[in-house]
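J.: Below you'll find the structure I mean.
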Amino acid sequence: MHQIKQLSVRAEHIAYEIRKDSHLSKIIQILETGQCLARFGYKAPETNYTLSRNCLLLEHRVIPPSLRPAILADLHAAHIGIVKMKGLARSFVFWPGIDADIEGIARACTECGKHAHAPPKYREHH
């Protein structure tokens, strides 16, 4: 939680950037008129989007494309590995293809690569 509180991304910034994105702004326009996204050809999970405080949300977590690199960098900062990064991300953020983006950033990192196939050794507990 401490790391999340330090993120440079705030709700107002997310709302602003979402409206700049052509795909996400279309979804907002449909929701603002009270219409169902499924009627416009959207499929799950996009049909579950909602609006709150001008932010487009899937449950509580949507990040527009322009802010994704900063979020990925924050998730990757501690070099916690792909599985832990995905778990942390699922708790706080969402965008289509996030798993592939996380895998890509971790695989491109030499520091992560050094430890990827060398998990901590099992120690017997007495």
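Each value in this text was obtained by applying a stated rule to the coordinates, not by laboratory testing. Bear in mind the structure is a predicted one, so any value in this text is a computation, not a measurement. Neighbour counts are summed over all protein chains in view; Cβ atoms, including those assigned to glycine, are modelled from backbone coordinates with ideal geometry.
J.: Considering only DSSP states other than H, G, I, E and B, which trypsin sites (Lys or Arg not before Pro) in segment 36-67 qualify as loop sites with at most 11 other Cβ atoms within 10 Å? Could the numbers behind the result be given before it?
T.: Details: sites: Arg39, Lys43, Arg53, Arg61; in loops: Lys43, Arg53, Arg61.
Loop-located and lightly packed - Lys43, Arg53.
J.: Using amide H atoms built 1.01 Å from N in the peptide plane, name the residues 5+ places from Phe94, or on other chains, whose amide H lies under 5 Å from its own.
T.: It is Val62, Ile63, by chain and number.
J.: Taking the number of other C-beta atoms within 10 Å as the exposure measure, put Cys112, Cys55 in order starting with the fewest. The partial results should precede the final answer.
T.: Working: Cys112 17, Cys55 22.
Listing Cys112, Cys55 from fewest to most nearby Cβ atoms yields Cys112, Cys55.
J.: Using 7 Å Cα-to-Cβ label points, what is the Ala100/His79 separation (nm, one decimal)?
T.: 2.7
J.: Determine ³J(HN,Hα), in whole Hz, for all residues of segment 49-58 in sequence, where each value follows from phi through the Karplus function 6.51 cos²θ - 1.76 cosθ + 1.60 and θ = phi - 60°; x replaces Gly and Pro.
T.: Couplings: 5, 9, 10, 8, 6, 6, 9, 7, 10, 10 Hz.
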